[in-house]
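The values are calculated or read from the model by the stated rules, or taken from the named source; none is laboratory data. The structure displayed is predicted, hence computed values, not measured ones. As a convention, Cβ positions derive from the backbone with ideal geometry for all residues, glycine included, and neighbour counts pool all protein chains shown. The accessibility values were calculated without ligands, DNA or RNA, using every heavy atom of the protein model including side chains. Shrake-Rupley method; radii C 1.70, N 1.55, O 1.52, S 1.80 Å.
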Amino acid sequence: GFGQTVILILIQTGGLGVVTVAVAAFMLSGRKISLMQRSTMQSAISAPQVGGIVRLTKFILRGTFLVEAIGAILLLPVFGRRGIWMSVFHSVSAFCNAGFDILGTEGHRFVSLSGYGDNIWLNMVIMLLIIIGGIGFLTWEDFYKNKLNFRRYRMQSKVILITTVLLIILPAILFFANDFGEFLFKKRLLYSIFQSVTTRTAGFNTADLPLMTEAGKSVMILLMLIGGSPSSTAGGMKTTTFAVLILNAFATFRSREDAGAFGRRFDVQVIKNAATIAMLYLMLFFGGGIIISAYEGLPVLTCFYEAASAIGTVGLTLGVTPDLHIISRLILIVLMYLGRVGGLTLIYAVFSGKN
């Protein structure tokens with residue numbers, strides 16, 4: 001119980017972000033938030049301006065605990081006698097896109113949610129928690145202020161929502177067509193949608209992942225690298241980075257000088273940042289996967305899968321991680337750390353002192 005509580009606190013801290021937790025601690029102590037701290041918070045959650053940061057922090061905290069509490073209540077009927085603690089733990093883990101579970105037994109330690117693959121209620125609740133946590137706090141604020149009036153949302157929120165929907169639907173169709181063919185329609189559909197949702201940094205699984213086709217695993221690698229959205233509980237290089245690169249490519253194909261969306265042009269610096277972050281993640285992912293494959297003598301696709309899962313802070317595995325040597329484990333630890341710190345943060349930390 002003590003160990004699980006420590007893990008849950010770390011999951012919650014990681015989901016909210018260390019800066020958000022620090023600002024919350026300052027607020028609870030009654031101390032004033034300095035301009036530097038407000039600016040740091042603005043950068044941490046990709047807020048458009050420094051003004052209103054304290055109000056936004058309160059909104060994030062209230063929203064987080066409310067959603068997690070509702071999720072825990074909705075999970076209670078599933079876990080029955082094991083009850084409240086199981087529901088709370090998995091609600092927080094899903095919302096924070098952590099993927100940790102406490103369902104394993106001595107004989108089957110890494111079961112995740114595989115025992116609930118055909119439980120529609122649990123699948124829906126967990127997927128909703130993952131999606132809500134992964135779309136970002138600023139998108140919540142847009143929804144809270146503008147309800148279903150999509151046209152009044154920020155351009156970033158619009159891009160996030162549309163990209164998220166596409167990154168759920170399209171891979172789910174591929175998984176349904178290419179994997180899980182031995183199951184009946186309902187279970188096959190649930191498996192396909194759940195694996196599509198969870199792959200972008202959530203880390204739960206209901207299917208036996210090593211049995212998926214190479215095409216399915218390759219798509220999962222791409223989804224893990226993309227991850228969630230800015231100012232969210234998720235990791236990865238972010239949906240906005242992926243969307244900006246795709247839209248910039250379409251603009252180039254059409255011989256247009258400027259790329260944009262919803263009638264607005266992307267600033268050149270936004271495109272440069274997106275390209276830089278993507279290149280950084282790809283270099284770390286490719287380098288880590290190749291080194292592990294060469295050192296362990298494992299198939300390169302398997303090692304790419306583990307490396308993508310690490311740098312995207314996903315937590316999915318094809319089952320090889322427990323048997324890796326210390327060097328390979330250290331590589332995965334470094335990738336997890338760098339992936340959680342974030343692309344731009346890492347770049348600024350390395351190069352700011354040289355300017």
Probe 1.4 Å, all chains present, heavy atoms only: GLU68 accessible area in Å², nearest 10, is 10
Mean shadow area of region 97-148, taken as a quarter of the surface of its Cα convex hull (nm²): 4.6
Could you work out how far apart the two model spin labels at VAL334 and SER255 are, taking each label as a point 7 Å from the Cα in the direction of the beta carbon, and quote it in nm? 4.7
Which value, in debye to the nearest 20, describes the size of the charge dipole of the chain about its Cα centre when Lys and Arg Cβ atoms bear +1, Asp and Glu Cβ atoms bear -1, and nothing else is charged? 1520
On the full set of protein chains, 1.4 Å probe, figure out the accessible area of PHE65 and give it in Å² to the nearest 10. 110
In debye, nearest 20, what is the charge dipole magnitude of region 179-261 about its Cα centre with +1 on Lys and Arg Cβ and -1 on Asp and Glu Cβ, if you could check? 180
If the cut-off is 12 Å between C-alpha atoms, which aspartates and glutamates fall inside it for LYS187, apart from same-chain ones fewer than 8 positions away? ASP118, ASP179
quick shape note, the chain: Cα extents on principal axes in Å, largest first -> 53, 49, 43
Fraction in percent of alpha-carbon pairs per bin - 5 Å, region 49-199: 1, 9, 15, 18, 18, 16, 11, 7, 3, 1, 0
Around MET336, what is the net charge, scoring Lys/Arg as +1 and Asp/Glu as -1 over all other residues with Cβ under 13 Å from its Cβ? +1
Bin width 10 Å, origin at 0, all Cα-Cα pairs of region 176-227: what percent of pairs per bin? 26, 60, 14, 0
Cα lying deepest toward the dipole's positive end in region 145-247, options SER218, LEU184, ASN146, charges on Cβ: ASN146
Which is farthest toward the positive dipole end of the chain among PHE26, ALA274, PRO322, measuring Cα position about the Cα centre, with Cβ charges +1 (Lys, Arg) and -1 (Asp, Glu)? PHE26
Stokes-Einstein D in µm²/s, Kirkwood radius over Cα pairs - region 158-255 at 4 °C with 1.567 mPa s viscosity: 92
Region 246-344 - convex hull of alpha carbons, volume per residue in Å³: 118
Mind computing the radius of gyration and Dmax over the alpha-carbon atoms of region 70-159? Å is fine for both. 15.9, 53
Relative counts (whole %) of C-alpha pair distances in region 267-317, using bins that are 10 Å wide: 27, 42, 21, 9, 1
Output the peptides 150-158, 124-132, 332-340, 305-313 sorted from most to least packed, where packing is the average of other Cβ atoms within 10 Å over each peptide's residues. 305-313, 124-132, 332-340, 150-158
Checking rank on 260-266, 135-141, with mean other Cβ inside 10 Å and highest first, the result is 135-141, 260-266
Nearest 20 debye, what's the magnitude of the dipole of region 53-150 about its Cα centre given +1 on Lys and Arg Cβ and -1 on Asp and Glu Cβ? 340
In percent, what relative contact order does the chain have, based on Cα pairs under 8 Å that are 6 or more apart in sequence? 15
Run down the aspartates and glutamates and flag those whose C-alpha is under 15 Å from the C-alpha of LYS158, throwing out any fewer than 8 positions away in its chain. GLU141, ASP142
Taking the C-alpha atoms of region 130-206, convex hull volume expressed per residue in Å³: 96
List the residue ranges in the chain for DSSP H helices whose C-alpha atoms run 30 angstrom or more along the long axis and whose Kyte-Doolittle average is 1.0 or above. 53-79, 155-178, 268-296
Pairwise label distance in nanometres, ILE120 with ALA177, each label 7 Å out on the Cα-Cβ vector: 2.6
